[in-house]
Structure formats: C-alpha cells, structure tokens
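Below is one structure, written out as structure tokens; the observations come after it.
Since every read-out is calculated from the coordinates, none of them should be taken as a lab result. As the structure is a prediction and not an experimental result, all values here were calculated from the model. Virtual Cβ from ideal backbone geometry, glycine too; neighbours counted across all protein chains shown.
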Amino acid sequence: MIDLHAHASSPEATRLAARMPGYAAQLTASAERYRDPHTAAHMARVQPEWDVLLSDVDARLAAMDAAGVELQVVSVNPGQYCHWAGEQEASVLIDAVNDDLAALVARRPDRFLALGAIALQHPVLAARQLDTVLDRRGFAGAQISTQAAGRDLSDPAFDVLWEVAQRRQAVLFVHPLSCPQLTGRLAPAYLNNVVGQPVETAIALSHLIFGGVLDRFPHLRFCLAHGGGYLPTYLGRSEHAYRVRPDSHTMRHPPRHYLRRMWFDLVVHSPQVARALIDVVGADRVVIGTDYPFDMGVEDPGALAGAVDGLTGGLLRDNARRLLARTSATNS
C-alpha cells in the first residue's frame, strides 16, 4: 500500500519558531482549541509519545511494516503551518521544514516521498516555494491548509500558486487545522478535531468548486484529507443549489463533476462512509491514508479497504501512483 496521509515534525522549525514573536499566538490558539479539561489532560499524556513518533524513523518504519504500507508520502504536522509568520520568517521556517522532510526521505528513499511545506499566507512566496520544492529529490508536491491569513482557497490571490501547481503537476494535499471560526463552540469533547476538521474541509472544497478555481485551473491535482470532509457524502444539497439558485450557479458544471477530478484519502473510519464516498467520486479516486501517528488516524488501512467491495490493494496502489505521477515535461 501507498500511504498518502502521514505526518512528520520539523524539530528545526520548532526551534526557530520559538524565537519569533508570533509563536506565542500559535501556542495560545492551540491551547484554545484544546481547552476542555479532559482534552487538555489527554493531550498532555499523548503529545510526548506523538513527538517521538513524528521524528523517530525506526518507529515509523515499524508502524508502516505492521500496517502493510510500502511507501509513505510524508507531510508536516499541520500544527507547524505557522501562518502567523511574515514573509522573511516564513521563508526561514519553510526552508527548515522542507530540509527536515528531505532528510527523512534521504534516510530511506525506497520507503518515503514528501509533500513539502509552503507559506500559504503569502501566495506569491508560496508559488515560488512550490516551484523550488518540486526540484528537490523525493518531493511530489505540497501540503496546504484550507485557508490562510483570512483568505479562502477561492481567493484570486492564490491564482499565482495554482498556476505553478498546474504547470508542474504538483500534488496539493489539503489538510485542515480545525475550523478556526468555530473554536469556541467546538471546544468540548475534542470536537475541534472530530467535527471541525471535516467541516473545514467541506468549506474549502466548496470554495474551490463554487469559486471557479477548478474551471480556471482544470488540471490541478488536489487530494483531500479525511475523505473530503462532509461535502462528498452530502453532495445532494450542493447539486440542488447549483440547479435552482442562480447565485449558486457559479461554475460550468455541477459539483459532482469537480469531485471526480480530485483524489480523496480513506481516513473515514467506516466502510459505510467509504462506500458513500466511492459512490460519488468513483473507486479510481480514493487512496490510502493513515494520519500517522495520531489517534484519529487509521492503524489498519487494509482492513477498512478490504471491507469495501471492489477496493483491492492493486487498485488503491494504482490510484496513488496515478496521483503521484508527473511527466518529465512538467518537471523541467
């Protein structure tokens, strides 16, 4: 199996960020997300273990072997997005993240690929960083969040990034960091993750579709974390709005058309949800993900896939390879 959704940390970026003025705001935002006493206590227990697993290559390889994962496509822990950083700070932090990811890939290039980090809060800089990271050995694209600096992904400011991503056939792995506008309401019971992540992804996906991004850039290669959130399995409402609301008829095709042009990981925790996702996007558009090493991930992705008719290991491997494939023309 090829795991498209697995995380690593960048110790150097953490060290550098801790010396920057904006880092305190990041710590405050994290504490706010997990302020429920039960959540805070649990995080205090598990975070040290996660910190080890995010950086220990031998532990990572052992977990991959146990799960039947042949190749892991690694992206940074979303907690290290650092969208608060100014351009100069962001350049330093992104370089540190990508250097650490490159070092991980270099340890076992037969087992790892990377999705680099880019400073999404600075679209022009992010476009340059994406162009640069794609020239590094073992990098297939970039991981991005669902929003940055108050901009949704439909904002025209991101067109400069989409142009590079399309030209270079980069994989863009969309992974949220909770749902910032709902942090207070979702504080209990770890709901910032349980509910916030799929809500935020559904919002971002809707912006890409209804905002016309996929009409302007029809060959972008998006892969959505957590099965694309709530949108694919509640698509009927979006399809209905497209038909009956002139203010929702903002793109050339119905929403389903655009979902069939993306990829989605199977971090959905349920064969029923996986089947519903496949009914909408097709079996050729789903890939394995584990969300390693977090407890909201999938320890045995093969078991989940095996519970869904038609999802063979060969099909899932082929889907991932097709997503990751880039022609030599786009690499130059």
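Some notes on this structure:
- Failed condition for A8, given (1) more than 21 Å from G289 (Cα to Cα); (2) surrounded by 14 or more Cβ atoms within 10 Å (Cβ to Cβ): (1)
- Qualifying residue in the stretch 171-180 (condition: β-branched (V, I, T), touching a residue at least 40 places away in the same chain (Cβ under 8 Å), under 23 Å from F139 (Cβ atoms) and crowded, with 18+ Cβ neighbours inside 10 Å): yes
- Checked against the criterion of being within 16 Å of H175 (Cα to Cα), small (G, A, S) and without any contact (Cβ under 8 Å) to a residue 40 or more places away in the chain, the candidates A102, A119 yield just one match: A119.
- Yes/no for V73 being assigned to a helix (DSSP H, G or I) and of a type in the set (V, I, T): no
- If only residues of the stretch 279-326 that are among the polar types (S, T, N, Q) and crowded, with 19+ Cβ neighbours inside 10 Å are counted, the one that is nearest to the chain's Cα centre (by Cα) is T290.
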